[in-house]
Structure formats: structure tokens, C-alpha cells
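The values are calculated or read from the model by the stated rules, or taken from the named source; none is laboratory data. Being a predicted model, the structure only gives us computed values, none of them experimental. Ideal geometry is used to build each Cβ from the backbone, glycine not excepted, and the neighbour counts take in all protein chains shown.
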Amino acid sequence: MKKILIVLAFPLMPAIAQTQPAPPAPPARGPALELALEAARTALDTCTARQQKVSVSVVDSAGVLKALLATDGAHARGVASSTNKAITALTFGSATSKLGEQAKSDKALADKLAANPSFNARGGGLTISVAGTVIGAIGVGGARGSDVDEACAQAGLAKVQDRLQ
């Protein structure tokens, strides 16, 4: 029986590209983590003082979740709602309560909102802006009444607004 030897030639080291890797993309603009947490905590405390079990979400300008707080006993729907309200406010650049009202007479807007099950145009989502530029959003969900959600979100935003950059 003849033995056949097969030799495959591979370079010892792969060729290394001489180009530099692309620099990482700059982070999305948004509230600093400590301010996002403070806004969320203030919104949560405001609703808790009103005997409401809620969740609060803060996102940056890319929609990345920076903070999510939920009271003890908060419902999972409230967690989803707070995040969806923040994303909706960010996406449309407007308070979700205003979007909900506008959608009643603006079919194109109503269709856009209905097209994405993650959008929530009930009150409780507010944009976070600095010098007219939206840098993120805050959303509150789970209170009995979206007007309460919005009041709590407003309290959280007001607490940090003058320190945002």
C-alpha cells in the first residue's frame, strides 16, 4: 500500500492590514448618567407621593436606555409603557400627549403611530432638550391616568433641566 502525503502550504502569519481601524463613532448626545438617574428618581418619587406605582425610562438621542426605575409593585406594562413613551417622544420630537391629540385630526400621524406597536402616544413622554436641540427623552408609565404620568415626567425633567448640557 502506497502512502500519499498531502502538504498544504499556509503562511505562518496572516497578512496584517496596514490601515488604521476607523475611530469609534462619537457617543449619542444625551443627559449625563447622573442627571438621567436624578430625573428618573424625581419622577418616580413624585408619582409615589401620589400613591402611583410607575416606571420611568430615560433615553439618549439615539434611543439608548440610560435609566430605568420602577417602584416596588410596578406592573410590567408600566415598564414597557415608560420606555415606549420615551422612544415615541424622541422619535417625533414632541410630548406624547400632544402627539395623541394631534393624531385625532392628522391621519398621517395616526397611521405612523399605529404602524409601530412600540409607539405610545398617551401622556407621559417628554423630550429632553438643550438650547433647542433634543438630546433624549423621559417617559413615565403605569399611573392611573396619563396626565399623572406626564406630571411626574415633567417634575423629573424640571429637576435637572438647568444642569443639562
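Tabulated data
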quantity: Members of the range 79-120 found to be surrounded by 13 or more Cβ atoms within 10 Å (Cβ to Cβ), over 20 Å from Ala67 (Cα atoms) and charged (D, E, K, R), listed by number; calculated: Lys98, Glu101, Asp106, Lys112
quantity: Test: residue in the range 103-117 that is among the hydrophobic types (A, V, I, L, M, F, W, C), out of contact with any strand residue (DSSP E or B) (no Cβ under 6 Å at 6 or more places or on another chain) and closer than 20 Å to Ala151 by Cβ; calculated: no
quantity: Test: residue in the range 27-50 that is of a type in the set (Val, Ile, Thr), at pLDDT 95 or above, buried (at least 16 other Cβ atoms within 10 Å of the Cβ) and in contact with a strand residue (DSSP E or B) (Cβ under 7 Å, 6 or more places away or on another chain); calculated: no
quantity: Residue count, the range 155-165 (criterion: under 13 Å from Ala40 (Cβ atoms), within 18 Å of the chain's Cα centre (by Cα) and of a type outside the set (Gly, Ala, Ser)); calculated: 2
quantity: Conditions (1) modelled with pLDDT of 95 or more; (2) in a loop (DSSP other than H, G, I, E, B); (3) under 17 Å from Gln161 (Cβ atoms): number failed by Val59; calculated: (2)
quantity: Filter pass, Val134 being farther than 22 Å from Pro26 by Cα, surrounded by fewer than 24 Cβ atoms within 10 Å (Cβ to Cβ), touching a residue at least 40 places away in the same chain (Cβ under 8 Å) and among the β-branched types (Val, Ile, Thr); calculated: no
quantity: Hits in the range 121-138 (condition: over 18 Å from Leu68 (Cα atoms) and touching a strand residue (DSSP E or B) at 6+ places or on another chain (Cβ under 6 Å)); calculated: Val134
quantity: Residue selected from the range 141-165 under the condition among the hydrophobic types (A, V, I, L, M, F, W, C) and either farther than 20 Å from Gly100 by Cα or touching a Leu at 6+ places or on another chain (Cβ under 8 Å) (or both), by the criterion surrounded by the most Cβ atoms within 10 Å (Cβ to Cβ); calculated: Ala153
